[in-house]
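I'd like to ask some things about the structure below.
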């Protein structure tokens, strides 16, 4: 596996942070990706590339079930 690591030291980065609820009606994946993690890191979409890894504190992805939040 190859890729860069994007590190967030916070615990409990939940699905509302990964993809904010206001964008859940978007079905265009490129547009949706432009909003990923924007509340935590407004530059996330320009930093992350295919194959990169997110390293975070405990409980990444907690919260409500969301098909949009991988």
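The numbers here are math on the coordinates, done by the rules we state, and not lab data. Since this is a predicted model, take the numbers as computed values, not measurements. Here Cβ is always computed from backbone atoms with ideal geometry, including for glycine, and neighbour counts include all displayed protein chains.
Would you kindly work out the equivalent ellipsoid of the range 5-55 from its C-alpha gyration tensor and give its semi-axes, the square roots of five times the eigenvalues, largest first in whole Å?
18, 14, 8
Ranked by Cβ crowding within 10 angstrom, fewest neighbours first, how are 35, 27 ordered?
With the fewest neighbours first, 35, 27 line up as 27, 35.
Something else about it: For the chain, what does the helix formula give at 222 nm: sum of -39500 (n - 2.57) over DSSP H segments with n ≥ 4, over the residue count, nearest 500 deg cm²/dmol?
Helix contribution divided over all residues of the chain: -3000 deg cm²/dmol.
Also: Determine, for each peptide in 10-17, 55-62, the mean count of other beta carbons within 10 angstrom over its residues, then list the peptides with the highest first.
Final packing ranking: 10-17, 55-62.
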